[in-house]
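Enquirer: Have a look at this one before I ask anything.
The values are calculated or read from the model by the stated rules, or taken from the named source; none is laboratory data. Keep in mind it's a predicted model, so treat the numbers as computed, not measured. Cβ placement follows ideal geometry from the backbone for every residue including glycine, while neighbour counts extend to all protein chains displayed. Side chains included, ligands, DNA and RNA excluded: accessible areas come from the protein's heavy atoms. Shrake-Rupley method; radii C 1.70, N 1.55, O 1.52, S 1.80 Å.
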Amino acid sequence: AEKAASEIVEQARAYRIEHLKEARKMATEDINALQTRKNEELANIQKQGADQSELTKTIQADTGDKLAAIT
C-alpha cells in the first residue's frame, strides 16, 4: 500500500513539475511577444516625434522668412 501511495505521489509531482515548466514556457513566450509589440509602439512614437520635430523646424523657418519679408 505504501509503495502504491508513493508511486501516486511521485506521479503527481511529475505531473505538477511538467505543468509548471509548460506554464513558464508559455509565460516567457507571452512576455517576449508583449515586449516586441511595445518596442514597435515605442519606435512608432519616436518616429512620429521626429516627424513633428521636422515639421516644427519647417514652420519656424517659413515663419522667419515671412517675417523677414514683411520687415
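Enquirer: Measure nothing fancy, just the Cα-based angle from helix 2-70's long axis to the longest principal axis of the chain, in degrees from 0 to 90, nearest 10.
Expert: On a 0 to 90 degree scale, this one is about 0.
Enquirer: If you don't mind, there's one more thing I want to ask. Mind checking the per residue accessible area of the chain for me, 1.4 Å probe, whole number of Å²? Don't jump to the answer; show the numbers that get you there.
Expert: Values: 6720 Å² over 71 residues.
Ligands and nucleic acids excluded, the figure is 95 Å² per residue.
Enquirer: Which lysines does Lys47 reach when only Cα atoms under 19 Å apart count, and residues fewer than 8 places away in its own chain are ignored?
Expert: Within the straight-line limit of under 19 Å, Lys47 reaches these lysines: Lys38, Lys57.
Enquirer: Considering the chain as a Gaussian network with a 10 Å cut-off on Cα pairs, which listed residue, Ala14, Ala23, Ala43, attains the greatest mean-square fluctuation?
Expert: It is Ala14.
Enquirer: Could I ask something else about it? How large, in percent, is the carbon and sulfur part of the accessible surface of the chain at a probe radius of 1.4 Å? Mind dumping the intermediate values first?
Expert: On the way: 3860 of 6720 Å².
C and S atoms contribute 57 percent here.
Enquirer: Positive end of the charge dipole of the chain (Lys, Arg +1 and Asp, Glu -1 on Cβ, about the Cα centre): tell me which of Asn44, Ala68, Ala14 has its Cα farthest that way.
Expert: Ala14
Enquirer: While we're on this one: Between Ala43 and Thr63, what length in nm is gained on full extension when 0.36 nm per residue of separation is reduced by their alpha carbon distance?
Expert: Numbers: separation 20, 0.36 × 20 = 7.20 nm, distance 3.01 nm.
That pair, Ala43 and Thr63, stretches by 4.2 nm at full extension.
Enquirer: Still on this structure, I have one more. Taking K and R as +1 and D and E as -1, what net charge do the other residues with C-beta under 14 Å from the C-beta of Ile8 add up to?
Expert: Numbers: positive: Lys3, Arg13, Arg16; negative: Glu2, Glu7, Glu10.
With Lys, Arg at +1 and Asp, Glu at -1, the neighbours total 0.
Enquirer: Also: Rounded to the nearest 0.05, what FRET efficiency is calculated for Gln35 and Tyr15 with R0 set to 25 Å and r the Cβ-Cβ distance? Intermediate values should be presented prior to the final figure.
Expert: Details: r = 31 Å, r/R0 = 1.22.
About 0.25, to the nearest 0.05.
Enquirer: Quick one: putting +1 on the C-beta of Lys and Arg, -1 on the C-beta of Asp and Glu, what dipole do you get for the chain around its Cα centre, in Debye to the nearest 20? Let's see the in-between values first.
Expert: Working: 11 positive and 13 negative charges, 29 e Å.
The dipole of the chain has a size of about 140 debye.
Enquirer: Only one of the listed values, [x] 9.8; [y] 4.8; [z] 5.3, was derived from the coordinates as mean projected area of the Cα convex hull in nm²; which label is it?
Expert: From the options [x] 9.8; [y] 4.8; [z] 5.3, the structure gives [z].
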